[in-house]
Amino acid sequence: MTRFSSFAIALVLGLLPSLLRAETSMIKETPFGTTADGIAVKVYEVSNPSGMKIRLLTRGATLIGVDVPDRDGKLADVVFGFDNIASYESDSNQYFGCTTGRCANRIAKGKFSLDGKDYQLACNDGPNALHGGVKRSLDKVVWDAMPFEEGASRGVKFQYSSPDGEEGYPGKLDMAVTFTLTDANEVKIDYSATTDKATPVNLTNHAYFNLGGAGSPTINDHVLMLNADGYTPVDDTLIPTGEIAKVEGTPLDFRRSTRIGDRVDELTDTAALGYDHNFVLNQAKPGEMTKAAELYDPASGRLLTVSTTEPGIQFYGGNFLKGQQGKGGKTYAHRSGCCLETQHFPNSINTPAFPTVVLKPGETYSHTCIYGFSVK
Ligand code: BGC
């Protein structure tokens, strides 16, 4: 054997394990452009053996694609998103698929007090603070990403350390958000966080679903079940009054599966403009994994089951969608997508009667949400 051929054989043998890994890998990493601040953004496509795929963006630890089969096995992408980073950074992006926080949903007048100190956040939703702030809320920062493949579980772990005072919140908050795609067609999202000062934390994911495929004209024909006897009524700026009211006898009673469009117009002339409410889940004990919701599209047969450890879920029916153009030139019309955001209740930091959102040094915030997909 010549020196060259033995070198070539050694080279191939040396590369073989990584070539094999590359071929069998269920995770693909691709560049997704650069933010206006010059930060490179990546997208990870994660597949499972039955062909389901999810796509995850480092900007905002964002779920930008979920390809799932209908009852005939035909795949469609059922979440909203954009094809480029400039659109994610534009006004067309109404929190599509992002990790939302540090405090998802509203804080009245952006004010709260903790340990004898007053804090003022930016007010970006009329008089209130919404979804963590203006420039450095969690949806807008670029997270570190660590893809993983361990047996039947694969996904991406995102990490971000938010400095003390960022967007007005106290404490350095170290967060991890792990998306796992299981063999059972579930997207499992595990959140954790620790802090060095007492601080409010309420993380969620803001995916907009249309189970007929993102860009289908309406969610009014979807059928929804919410495992909630109660909800948190709001004032005319969508801040909870502090009361927990019964859903019974209202258009918010989804304890039995009901078509979304059947009663939505009864809410059009309210402050919420339709469905945009926090439901109090029927949970056996705090923190216990509970089935929260089922969303079903009779036309495609796709069924989404949402389970969570959180006490609440915001069902937002896409009332503020404005016909913006999304992935593949699709249009996202008024009420053509809905969010099922597992969370603590809005404005909890100012409402002592609600389960606390205060995280203290030495404690670990944790929250799991599973979006499971099947057909019937
Ligand atoms: C809120 C809506 C808000 C939307 C922003 C939802 O979580 O409940 O009121 O307009 O986020 O996209």
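A few notes on this one:
- Residue list for the range 201-237, restricted to those being of a type outside the set (Gly, Ala, Ser), out of contact with any His (no Cβ under 9 Å at 6 or more places or on another chain) and within 30 Å of Asp174 (Cβ to Cβ): Asn205, Tyr208
- Residue tally, condition over 14 Å from Gly372 (Cα atoms) and part of a loop (DSSP other than H, G, I, E, B), over the range 182-204: 5
- If you go through the range 283-323 and pick out every residue that is of a type in the set (Val, Ile, Thr) and touching a Phe, Trp or Tyr at 6+ places or on another chain (Cβ under 9 Å), you end up with 3.
- The residues of the range 108-145 that are buried (at least 24 other Cβ atoms within 10 Å of the Cβ), part of a strand (DSSP E or B) and within 13 Å of the ligand (Cβ to nearest atom) amount to a single one, Ala129.
- For the range 316-333, the tally of residues that are within 12 Å of the ligand (Cβ to nearest atom), of a type outside the set (Lys, Arg) and either without any contact (Cβ under 8 Å) to a residue 12 or more places away in the chain or closer than 21 Å to Ser90 by Cβ (or both) stands at 7.
- When residues in the range 303-335 are screened for being at negative phi, under 18 Å from the mean Cα position of the chain (by Cα) and in a loop (DSSP other than H, G, I, E, B), 8 of them pass.
- Arg71, sole failed condition from (1) over 27 Å from Asp236 (Cβ atoms); (2) surrounded by fewer than 18 Cβ atoms within 10 Å (Cβ to Cβ); (3) within 14 Å of the ligand (Cβ to nearest atom): (3)
- Single match in Tyr191, Tyr169, Tyr231, Tyr208 (criterion: closer than 19 Å to Asp67 by Cα, in contact with a strand residue (DSSP E or B) (Cβ under 9 Å, 6 or more places away or on another chain) and buried (at least 19 other Cβ atoms within 10 Å of the Cβ)): Tyr208
- Subset tally (residues that are farther than 26 Å from Asp70 by Cα and either buried (at least 21 other Cβ atoms within 10 Å of the Cβ) or in contact with a Leu (Cβ under 6 Å, 6 or more places away or on another chain) (or both)) for the range 320-349: 7
- Any chance Ala299 is crowded, with 17+ Cβ neighbours inside 10 Å, at pLDDT 95 or above, touching a Leu at 6+ places or on another chain (Cβ under 9 Å) and farther than 30 Å from Asp196 by Cβ: no
- Here Thr368 meets the list (1) within 30 Å of Asp115 (Cα to Cα); (2) within 16 Å of the ligand (Cβ to nearest atom) almost entirely, failing just condition (2).
- Residue that is nearest to Lys322 (Cα to Cα), among those in the range 98-107 that are in a loop (DSSP other than H, G, I, E, B) and more than 11 Å from the ligand (Cβ to nearest atom): Gly101
- Sole exception among (1) in contact with a Cys (Cβ under 7 Å, 6 or more places away or on another chain); (2) of a type outside the set (Asp, Glu); (3) in a strand (DSSP E or B) for Ala207, by number: (3)
- Where a residue in the range 95-106 is among the charged types (D, E, K, R) and its partner, wherever it lies, is in a loop (DSSP other than H, G, I, E, B), with Cβ under 7 Å and at least six apart: Arg102/Gly132; Arg102/Leu138; Arg102/Tyr169; Arg102/Val201; Arg106/Leu238; Arg106/Ile239; Arg106/Pro346; Arg106/Asn347
- Residue count for the range 74-97 under the criterion of being more than 16 Å from the ligand (Cβ to nearest atom) and surrounded by fewer than 17 Cβ atoms within 10 Å (Cβ to Cβ): the result is 5.
- A single member of Ala245, Ala292 is among the hydrophobic types (A, V, I, L, M, F, W, C) and either loosely packed, with under 15 Cβ neighbours inside 10 Å or free of Cβ contacts under 8 Å to residues at least 40 places away in the same chain (or both), and it is Ala245.
- Scanning the range 43-66 turns up no residue that is within 16 Å of the ligand (Cβ to nearest atom), under 25 Å from Leu238 (Cβ atoms) and surrounded by fewer than 23 Cβ atoms within 10 Å (Cβ to Cβ).
- Number of positions in the range 146-181 that are over 23 Å from Tyr95 (Cβ atoms), in contact with a Lys or Arg (Cβ under 6 Å, 6 or more places away or on another chain) and assigned to a strand (DSSP E or B): 1
A quick yes/no check of all residues on (1) within 16 Å of the ligand (Cβ to nearest atom); (2) over 27 Å from Lys188 (Cα atoms):
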residue: Ile260; (1), (2): yes, no
residue: Tyr275; (1), (2): yes, no
residue: Ala284; (1), (2): no, no
residue: Lys291; (1), (2): no, no
residue: Pro298; (1), (2): no, no
residue: Gln314; (1), (2): yes, no
residue: Cys339; (1), (2): yes, no
residue: Pro352; (1), (2): no, yes
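- Scan of the range 262-286 for residues that are in contact (Cβ under 8 Å) with a residue 60 or more places away in the chain and closer than 22 Å to Phe354 by Cα, ordered by number: Tyr275, Asn278, Val280, Pro286
The values are calculated or read from the model by the stated rules, or taken from the named source; none is laboratory data. A quick note: this is a predicted structure, and the numbers were derived from the prediction, not measured. In this analysis, Cβ positions are derived from the backbone assuming ideal geometry, glycine residues included, and neighbour counts consider all displayed protein chains.
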